[in-house]
Amino acid sequence: MKRIFAKRSRSLLDIALADRPAIFLLAIVAPALIIFLSTVLGEGMVRDLPIAVCDQENSALSRKIIAALDASPAVQIATVTADPIQSHRLLVNGTVYGSVTIPADFSANTKGSKPAMIAAEVNSLSYLTAGYVRREIQSACGYFSAGVTITRLTKQGISYRHAVAAAAPVTADVTLAGNHSGNYRWYLIPGMILVQIGGILTIAAMVFTSGIVEKQITHPTGTPQTRSVINQFGVRFFVLIIASLFYCGLIFGIVFPLTEITTPQESFAALPWTALFFLASILLGTGVGFLFNRRINAASAGLIISMPAFIFSGYSYPQAAMPELVKIASQLMPFTHFMPLWNQGVRLGYPVESLSRFWIHLLLISCGGILLTIIGIIRTKQRGTV
């Protein structure tokens, strides 16, 4: 009986393990993804997001409010300057997530009957980040101003209890930089659509090239079942290029204009950056795909590469709150560098020279993909002739 049970158990185990790619997805990929995302996002609270302060007064009172801002757990003061143009530039190029301006008459305004005003800008291209920064700026102003107001009223002879009740806070006039309409459609739909298309192109490229390796192993070069590796790659690469051109035409020629997500001028400006993003995604996929000798394994790895791209790019969750290893890994993902091109080059109309660090990264990823592809073609031809 034990022998029959053992034989039956082995038979069932063999059936379960026969489809190894599915077992790999269930046993390795899914738990790894759960652990990885929990590690990245598990802290629950964003901390130390860099902001800039433009202190035009440079008084004891202005330094106190700067200290109050820096004491907030979610933000930290990255730079203090007296030049509003510099602080705004740091905001729009993504160095800081918010910019606070303390006016030159701030101390005098705190002595009046009306609340003193502090101007602030937050990068609203990411609503999650903008919400954190806006909330912390307003909270810091509220706590700071309560103390200022109570002190002023008590000096005027008003009791502490009545001063607390009459405390009028210093207010922060927070404006949205980059997405003035506050419209989710304005930034979320383009990001979601384009990252998905880029991910699909990467996975398709990986499946195509791993299929070449799989065929070369099954049918060595020279047999009538297979063509040369270069011919196979050329045909598949041509298909990917045609597909990416079709997507560009569909997105920017029909879908976005009809739904008024972009203007015709924005669609035209977006075409070169989108084409470069799609090319980098394809070349990354072709290079990495040659590392696999089974298409199903390549597709599984492609999902691992493309699924976290939206989060790790900093488009929805701030990179400043991510572990250093994730920040480094995100630099290898084309979407990380494409979205600043989209936001700054298309939406805000910045000149090409100010966007060089983003498109240069995409070119470097493309060159890395070309190098891996060449190495993969050479190794696959050698493997097929063994």
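Laboratory data are not the source of any read-out in this text; all were calculated from the coordinates shown. Computed from a predicted model, the values in this text were never measured in an experiment. Every residue, glycine as well, gets a Cβ built from its backbone with ideal geometry; the counts of neighbours run over all protein chains shown.
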Amide H contacts of Leu49 (H built 1.01 Å from N, under 5 Å, at least 5 apart or other chain): Val75, Gln76
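Treat the count of other C-beta atoms within 10 Å as a stand-in for reagent exposure and order Val288, Val352, Val80 from fewest to most. Working shown, then result.
Values: Val288 23, Val352 11, Val80 17.
Going from sparsest to densest Cβ surroundings: Val352, Val80, Val288.
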Amide hydrogen neighbours beyond the local backbone of Cys54, cut-off 5 Å, H modeled: Thr81, Val100, Thr101, Ile102
Long-range HN-HN contacts of Leu291 with modeled amide H, under 5 Å: none
Vicinal HN-Hα couplings computed from phi for region 268-282 (Karplus, 6.51 cos²θ - 1.76 cosθ + 1.60; Hz; Gly/Pro x): 5, 5, 7, 4, x, 5, 5, 4, 5, 5, 4, 5, 4, 5, 5
Value of D in µm² per second that Stokes-Einstein yields for region 280-386, Kirkwood Rh from Cα pairs, at 37 °C (0.692 mPa s): 215
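Which of the peptides 300-313, 256-269 is most tightly packed, and how do the rest follow, going by the mean number of other Cβ atoms within 10 Å of each residue?
Numbers: 300-313: 20.0, 256-269: 14.6.
The peptides rank, most packed first, as 300-313, 256-269.
If packing is taken as the mean number of other Cβ atoms within 10 Å per residue, what is the order of 198-208, 366-376, 95-105, highest first? Write down the numbers at each step before the final one.
Values: 198-208: 24.3, 366-376: 17.2, 95-105: 22.1.
Averaged packing, sorted descending, gives the order 198-208, 95-105, 366-376.
How big is the C-alpha Rg of region 184-384 next to the rule-of-thumb value 2.2 N^0.38 Å, as a ratio? Walk me through the intermediate numbers first.
Working: Rg = 17.9 Å, N = 201, 2.2 N^0.38 = 16.5 Å.
In units of the 2.2 N^0.38 Å rule of thumb, it is 1.08.
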Two-site label geometry, Glu260 and Ser139: point separation in nm, points 7 Å out along Cα→Cβ: 3.7
Per-residue HN-Hα couplings for region 69-79 [Karplus 6.51, -1.76, 1.60; θ = phi - 60°; Hz; x = Gly/Pro]: 5, 5, 6, 5, x, 8, 10, 9, 6, 8, 7
